[in-house]
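What follows is a single structure, written as structure tokens, with notes after it.
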Amino acid sequence: MTSSAYAHADLYAEVQHFYARQMQLLDARKLEGYADTFTEDAEFGHTPGREPARTRAGILRDLHEVHKRFDEDPQQRRHVFTMVDIDPDADGTIRSTCYALVLTTRPGSGPELVRNCVVHDVLVREEGELRNRSRHVEHD
Ligand code: SDN
């Protein structure tokens, strides 16, 4: 394979690392930290039929609302990103499509696969750091 085929190998590793940090923030319910990985004007749609959240503050409000249901139904969620395919644009924007497996484990039970998703991201760089400008999650 010519080197051009992996011209963005470093960027690919950086995106993977960004995703790992993002999902560990979400799964640890560090919702402010997770919201901080989006731009101020970001859009985030994660559930079919639910209006996407807009702006970082709106995303944080939405995540707190979605997580309220876990108060009555304690479970540990794990969002596992796989099959990451990135498409960097000349202007530095990165379109990224990947799979997200959403696993949940309730007290006394084994893990369950509860969602099989395709994630459509647009990533940008702010002050040298990757951030989501948009994320749209499709459920299989
Ligand atoms: O951040 C994500 C999410 C996510 O936050 C989700 C939420 O609830 C909050 C990245 C990639 C995938 C997802 C998927 C979901 C699923 C969604 C609703 C549900 O749990 O069914």
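For the range 24-39, enumerate the residues that are assigned to a helix (DSSP H, G or I), more than 10 Å from the ligand (Cβ to nearest atom) and under 11 Å from ASN132 (Cβ atoms). Reasoning before the result, please.
Within the range 24-39, the first condition is being assigned to a helix (DSSP H, G or I), and the residues that meet it are 24-27, 31-35.
Cutting the leftovers down to more than 10 Å from the ligand (Cβ to nearest atom) gives us 24, 32-33, 35.
Within the range 24-39, ALA35 is the sole residue that qualifies.
Reported count of residues in the range 65-98, each being surrounded by 13 or more Cβ atoms within 10 Å (Cβ to Cβ), within 20 Å of LEU25 (Cβ to Cβ) and either within 14 Å of the ligand (Cβ to nearest atom) or modelled with pLDDT under 95 (or both), is 13. Annotation: of all residues in the range 99-140 being under 14 Å from the mean Cα position of the chain (by Cα) and either farther than 28 Å from GLY49 by Cβ or of a type in the set (Ser, Thr, Tyr) (or both), the one that is farthest from the ligand (Cβ to nearest atom) is LEU130. For residues that are in contact with a helix residue (DSSP H, G or I) (Cβ under 7 Å, 6 or more places away or on another chain), assigned to a strand (DSSP E or B) and not aliphatic (A, V, I, L, M), scanning just the range 40-75, find the one that is farthest from ASP121 (Cα to Cα). So, considering only residues that are in contact with a helix residue (DSSP H, G or I) (Cβ under 7 Å, 6 or more places away or on another chain), assigned to a strand (DSSP E or B) and not aliphatic (A, V, I, L, M), the one farthest from ASP121 (Cα to Cα) is GLU40. Among the residues making up the range 83-127, those that are within 20 Å of ALA42 (Cα to Cα), charged (D, E, K, R) and not in a strand (DSSP E or B) are ASP89, ASP91, GLU127.
Any residue that is touching a Cys at 6+ places or on another chain (Cβ under 6 Å) and of a type in the set (Phe, Trp, Tyr) - is there at least one of those in the range 38-57?
The initial filter retains those residues of the range 38-57 that are touching a Cys at 6+ places or on another chain (Cβ under 6 Å), namely none.
Scanning the range 38-57, I find no residue that is touching a Cys at 6+ places or on another chain (Cβ under 6 Å) and of a type in the set (Phe, Trp, Tyr), so the answer is no.
For the range 82-118, a tally of residues being over 23 Å from ASP140 (Cα atoms) and without any contact (Cβ under 8 Å) to a residue 24 or more places away in the chain returns 5. The single condition among (1) surrounded by fewer than 17 Cβ atoms within 10 Å (Cβ to Cβ); (2) over 25 Å from LEU113 (Cβ atoms); (3) touching a residue at least 12 places away in the same chain (Cβ under 8 Å) that ARG61 does not meet is (3).
The values are calculated or read from the model by the stated rules, or taken from the named source; none is laboratory data. Please read all numbers here as calculations on a predicted model, not as lab measurements. Please note: Cβ atoms are built from the backbone with ideal geometry, for glycine as well, and neighbour counts cover all protein chains shown.
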